[in-house]
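Structure, as structure tokens:
The values are calculated or read from the model by the stated rules, or taken from the named source; none is laboratory data. The model shown is predicted, which means the values in this text are computed figures rather than measured ones. All Cβ positions, even for glycine, are placed from backbone atoms using ideal geometry, and neighbour counts span all protein chains on display.
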Amino acid sequence: MKPSSARHAKRLLTNAVMTTLAAACAIVAVTVLLLILGYIAYRGVTAINFQFLIDTPKPVGEGGGIGNAITGSFVLLLLACLFGLPIGIAAGVYLAEYGNNWFASAVRFVTDTLTGVPSIIVGVFVYTIIVLPQKHFSTLAGGIALGLIMIPIVTRTTEEMIRLVPTSLREGALALGAPQWRVTTGVVLPAARAGIATGAMLAIARVSGETAPLLFTAFGSRFFNWYLDQPMASLTVQIYNYAISPYDEWHAQAWAATLILMALILLINIAVRFFTRQRF
Amino acid sequence: MPSANKITSHVITLLLAFILSLAAGCSGEHGGTTGAGRQVRLQGAGATFPNPLYQKWLSEYGKLNPNIRIDYQSIGSGGGIKQIKEQTVDFGASDSPMKDEDLRSAPGEIIHIPTVLGAVVITYNLQGIQQPLRFSPEVIADIFLGKIKRWDDARIKADNAGGVAALPATDITVVHRSDGSGTSAVFTDYLSKVSPEWKEKVGSGTSPNWPVGLGGKGNEGVTGQVKQTPNTIGYVELAYAVQNKLPVALIKNSSGNFVEPGLDSVTAAAAESVATTPEDLRVSITNAAGATAYPISSYTYVLAYKEQRDAARGKALVDFLWWGIHDGEKYARDLQYAPLPQEIVRRAEDRINAITQGGKPLRAAQ
Amino acid sequence: MKGKRDKRKSKIEKNKIRFSTRFSLSPLHLLRLMAQVQPTLPAPSPASGYGARARPWSFRRALAPTGNTGDAIFRGVLFFCALLLLLIVTSMIVAMAANSRLSLTEFGFRFLIGREWNPIKGEFGALPFIYGTVVSSLIALLIAVPLSLGVAIFLVEQAPRQLARPIAFLVELLAAIPSVVYGLWGIFVLAPFLRAHVEPQLARSFGWLPLFQGTITGIGLFTGGIILAIMITPIISAVVRDVLSAVPVSQREAALALGATKWETTRVVLANAASGIAGAIILGLGRAIGETMAVTMVIGNRPEISASLFEPSYTIASVIANEFTEATGDLYLSALVELGLILFLVTFIVNGVAKLLVWSVTRGTSGTARAT
């Protein structure tokens, strides 16, 4: 059957229109990203200076900086890793190595849904189980809240990465008479290390931008703080407080803080991409 | 990549060492809270109304007493009341006195220490209006009730007869607080006094159910919304409007005069009620009588437990409060807050002296 | 012709390998994992199988099939960590249910349909927040779904690999931007822009619809929805991309062989992946529902149900963020926790459904084609 030429032309036209539209969508998405990043860079660079990076916040009109927020964010992330990585990785190893039963399926399902739980809920949870009994806002509570968000991400990445390790490696080690735990820690984990590290880094990138769970846990602080039982400043909460304030000076500081935060996050993402690209 | 592995393990070792030192620092702190030369840390949270002043105080007080570190987070008066009740902070702050039921449900006796006086002002974002607008109480109530919807409403015009350029023919966008707020409590307390309809429909409190408008978080948030959105009207503490160069409306007081908010008119409002202020200093001074009194004025309070849990922290707190109501008052004027009347300062001293630890007054302990 | 098709086939095959080994690269790696129920490479038979299968079950052997004490301890520790995940979720539910008991007994089902949120009078109804959450998420989906479908189609079906990789990376970077940064950008760039250019235009063109009436402030449901749309676009497009590349090459070949144009071939692929795409959309919905900071900063924070999209509104997540630290009454706090419980359960269900849908497509990645 020979298609009528009018109909054929219409089909070609539709084809052209739709493919162009799809390409346009991609352009729109990338443009939005560039607009956001460009604006952050523009506002941030004009507001940033060295003093700003090491100062603590001051009353309006007196300058001040985000030094304590930067260190605060790092301490919180460190705590989160300390709490979240071991548990997440161990659970991931369990799912990969012993994960063929209903219990593991349940854990897997819960883990997946846990990642979808809004981070503010985690904040509420940690407030009720840690802040209220301890009677104060604390760095510890903030770190645990962030750690809780990291765990499911790390668990599932770890599981996936360990599954990529060829069975023959395990069989070889077992055949040499090694016990199972030696095989896992000595052969399987090292083989999957790069992948697990990648997952961990992405989890870090994700929680380093979290604000909501910190509002009721790490709270905020005007000072450099090195104690786990004290409230702690963080870049994200500082950005939030400055963003909703009316002061132009604080707005500029919010943009500068955002630039720092974005630089950190983009760096992690690009590094991850760079390393894994080499590997695979 | 063996070298990369080595680096990784070094990094992990370093991280662990860092964490351990942190943990050690943490436990050490628990061990010796009363040790000589140790830094004493106080955490406060609450009202945004006096926040510009409190930040100044903390900054100045910190310079005088480097080993006492006081932090104050402006999370709103509602937050201040909640967190002092939960004992998650050493002191709370609120502009509206705590309600009886809140005081009853607290785990200990909470006392109110007034620190300064401030004014809740009506501010707005209108193009081309040079002179400050004037409002009568009923008009304010009806704007916030959503009954007056346009800037060129006849009743707004009537208050501003002569002198004010043409009001724009645009919708009014009301901005109010989204968090629990002493500023809201003071404002709604005033509106409940001047408008029966307001009292019946909305009432007064830290988190009223606003009939119209946008919500902003904190005095900061409301000021920000007004500043960034054209044709808005909102209520904020005077300092916020002045710091951000926003216009401030004149309001008709109970004597029928349009009064500008400021040190003198706020002081005048407080003067009326000094004699009748109750023992616990919880008092509302809105809609005060007096020809020059600004009608939406308020004390702002620090909330603290009468019986402190920790001697060192309790001592630091009373010393700071004592400094605040004496030396601190000189910073108030620069930021448009009115210092306390002499009589109230004296009575606030009594309240500070009443703060104890283990039954012993902390202030007298020096 | 044959050569061309071979090239196309090998490109798609390459794509598949790339996606399967590469998902951990992106900020969205977890979504990718959720989309893949089984590992993409042949799964190693679990080690628990070695030497334990035929014997009757015993607790000790369950822990250590090899009969080695070290193994028992090792497995016990791992098991405990996995159990911890279950415990965390259970304790979250228990903690929230316990803390919302006051409100649950006081209001019961009425809580869900109550329209008044009045802490002064002790009257709490969740409907305005549910409405705000649902409508802002729907606006987000309306914008994000076509956009991310377009992005995914472009990347999988059209773009040459050299172009697809960097673009995919850039789009996914959108997902790496923190919520609070979107909020900041929303307050100072998006809201003023919408107020000055977009909203007046909408009011002029569609002002006869109640949706576009009311005061134009740049702050409200509309702005919240647009911010959300930007935030969920990378999520939906990433999953759709995986779903599309999981559709067997034979489908495309068959369509092309019948003389279909590129777009017609894409439609065949889309039809094949329909349930997976639905899953991707629901995943995006789940994210939109729970998003907190960015929405809080631009939605206006006002518990009211209004027909107009320009009016301020409130979402469940933002009311918790704003009021949780300061809810003074027990009932007030309990009502907020109940909102949290609702949010938790809803996102839990939404994510579960999405997961099942995505599985249904990606399950048989290399298997036979499903009926169209």
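Considered as a group, the residues in segment B:319-366 that are among the β-branched types (Val, Ile, Thr) and buried (at least 16 other Cβ atoms within 10 Å of the Cβ) include one that is farthest from B:Ile285 (Cα to Cα), and that residue is B:Thr356. Could you go through segment C:91-100 and let me know if any residue there is within 21 Å of the chain's Cα centre (by Cα) and surrounded by 17 or more Cβ atoms within 10 Å (Cβ to Cβ). Yes, segment C:91-100 contains a residue that is within 21 Å of the chain's Cα centre (by Cα) and surrounded by 17 or more Cβ atoms within 10 Å (Cβ to Cβ). Show the residue pairs that are 6+ apart or on different chains and have beta-carbon atoms under 6 Å apart, the first residue being within segment C:172-193 and under 16 Å from C:Leu221 (Cα atoms), the second being of a type in the set (S, T, N, Q) and surrounded by 24 or more Cβ atoms within 10 Å (Cβ to Cβ). Short answer, once both residue conditions are applied: C:Ala191/C:Thr223.
Would you confirm, using the coordinates I've provided, whether A:Thr139 is at pLDDT 90 or above and at the interface with chain C (Cβ under 7 Å from one of its Cβ atoms)? No; evaluated as a whole, the condition is false for this residue.
Can B:Asp90 be described as of a type in the set (Asp, Glu), touching a strand residue (DSSP E or B) at 6+ places or on another chain (Cβ under 9 Å), modelled with pLDDT of 90 or more and over 30 Å from B:Asp264 (Cα atoms)? It is true that B:Asp90 is of a type in the set (Asp, Glu), touching a strand residue (DSSP E or B) at 6+ places or on another chain (Cβ under 9 Å), modelled with pLDDT of 90 or more and over 30 Å from B:Asp264 (Cα atoms). Among the candidates A:Val131, A:Val122, the residue that is within 9 Å of chain C (Cβ to nearest Cβ), within 30 Å of B:Ala106 (Cα to Cα), part of a helix (DSSP H, G or I) and touching a residue at least 24 places away in the same chain (Cβ under 8 Å) is uniquely A:Val122.
In segment A:109-117, the count of residues that are surrounded by fewer than 24 Cβ atoms within 10 Å (Cβ to Cβ) and of a type in the set (Asp, Glu) is one or more. Selection over segment A:55-107 of residues that are under 26 Å from A:Val237 (Cα atoms), of a type in the set (S, T, N, Q) and either in contact with a Lys or Arg (Cβ under 6 Å, 6 or more places away or on another chain) or not in a helix (DSSP H, G or I) (or both) gives a count of 1. How about segment A:74-100: which of its residues are farther than 30 Å from A:Ala263 by Cα and of a type in the set (Phe, Trp, Tyr)? Matches in segment A:74-100: A:Tyr94, A:Tyr98. Within segment A:246-265, the set of residues being in contact (Cβ under 8 Å) with a residue 40 or more places away in the chain and either farther than 29 Å from A:Lys58 by Cβ or not aliphatic (A, V, I, L, M) (or both) comprises A:Tyr247, A:Glu249, A:Trp250, A:Gln253, A:Trp255, A:Thr258.
For segment C:174-228, taking the residues that are of a type outside the set (A, V, I, L, M, F, W, C) and under 20 Å from the mean Cα position of the chain (by Cα), the one that is surrounded by the most Cβ atoms within 10 Å (Cβ to Cβ) is identified as C:Gly224.
Using the structure shown, decide if B:Ser59 is without any contact (Cβ under 8 Å) to a residue 12 or more places away in the chain and hydroxyl-bearing (Ser, Thr, Tyr). First the steps, then the outcome.
Details: without any contact (Cβ under 8 Å) to a residue 12 or more places away in the chain: yes; hydroxyl-bearing (Ser, Thr, Tyr): yes.
Against the criterion (without any contact (Cβ under 8 Å) to a residue 12 or more places away in the chain and hydroxyl-bearing (Ser, Thr, Tyr)), B:Ser59 qualifies.
Rundown of residues vs (1) within 21 Å of A:Asn241 (Cα to Cα); (2) surrounded by 13 or more Cβ atoms within 10 Å (Cβ to Cβ); (3) modelled with pLDDT of 95 or more, yes/no style:
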site	(1), (2), (3)
A:Ala6	no, no, no
A:Ala9	no, no, no
A:Thr19	no, yes, no
A:Tyr39	yes, yes, yes
A:Gln51	yes, no, no
A:Lys58	yes, yes, no
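Within segment B:315-337, residues that are of a type in the set (Phe, Trp, Tyr) sit with their Cβ atoms under 9 Å from residues that are assigned to a loop (DSSP other than H, G, I, E, B), at 6+ positions apart or across chains, in these pairs: B:Phe320/B:Asn65; B:Phe320/B:Gly328; B:Trp322/B:Arg363; B:Trp323/B:Asn65; B:Tyr331/B:Tyr337; B:Tyr337/B:Pro50.
In segment B:187-199 there is no residue that is touching a residue at least 40 places away in the same chain (Cβ under 8 Å) and facing chain C (nearest Cβ under 8 Å). Summed over segment C:271-287, residues that are within 15 Å of C:Pro248 (Cβ to Cβ) and crowded, with 19+ Cβ neighbours inside 10 Å total 3. The sole residue among A:Ile149, A:Ile89 that is more than 9 Å from chain C (Cβ to nearest Cβ), within 18 Å of the chain's Cα centre (by Cα) and at pLDDT 90 or above is A:Ile149.
Answer yes or no: is there a residue in segment C:254-275 that is more than 8 Å from every other protein chain (Cβ to nearest Cβ), of a type in the set (A, V, I, L, M), under 26 Å from C:Tyr182 (Cα atoms) and touching a residue at least 24 places away in the same chain (Cβ under 8 Å).
no
Would you check which residues across segment B:327-366 are at pLDDT 90 or above, of a type in the set (A, V, I, L, M) and over 21 Å from B:Ala119 (Cα atoms) and list them? Passing the criteria: B:Ile352, B:Ala354, B:Ile355.
Can you pull out the residues in segment C:330-353 that are of a type in the set (S, T, N, Q) and at pLDDT 90 or above?
Scanning segment C:330-353 gives C:Ser334, C:Thr347.
Of all residues in segment B:154-180, those being buried (at least 17 other Cβ atoms within 10 Å of the Cβ) and modelled with pLDDT of 90 or more number 7. For segment B:207-220, the criterion of being surrounded by fewer than 19 Cβ atoms within 10 Å (Cβ to Cβ) and without any contact (Cβ under 8 Å) to a residue 60 or more places away in the chain is met by at least one residue. Being over 21 Å from the mean Cα position of the chain (by Cα), closer than 21 Å to B:Val116 by Cβ and without any contact (Cβ under 8 Å) to a residue 24 or more places away in the chain is the filter here; which residues of segment B:231-267 pass it? Passing the criteria: none in range. Would you point out which residue out of C:Ile299, C:Ile289, C:Ile316, C:Ile305 is more than 10 Å from chain A (Cβ to nearest Cβ), β-branched (Val, Ile, Thr), in contact (Cβ under 8 Å) with a residue 24 or more places away in the chain and within 15 Å of C:Gly225 (Cα to Cα)? Exactly one residue qualifies, and that residue is C:Ile299.
Given the structure, is A:Arg156 closer than 16 Å to A:Leu78 by Cα, among the charged types (D, E, K, R), within 9 Å of another protein chain (Cβ to nearest Cβ) and assigned to a helix (DSSP H, G or I)? No, not satisfied. Counting the residues of segment B:268-291 that are more than 21 Å from the chain's Cα centre (by Cα), over 27 Å from B:Ala354 (Cβ atoms) and part of a helix (DSSP H, G or I) gives 0.
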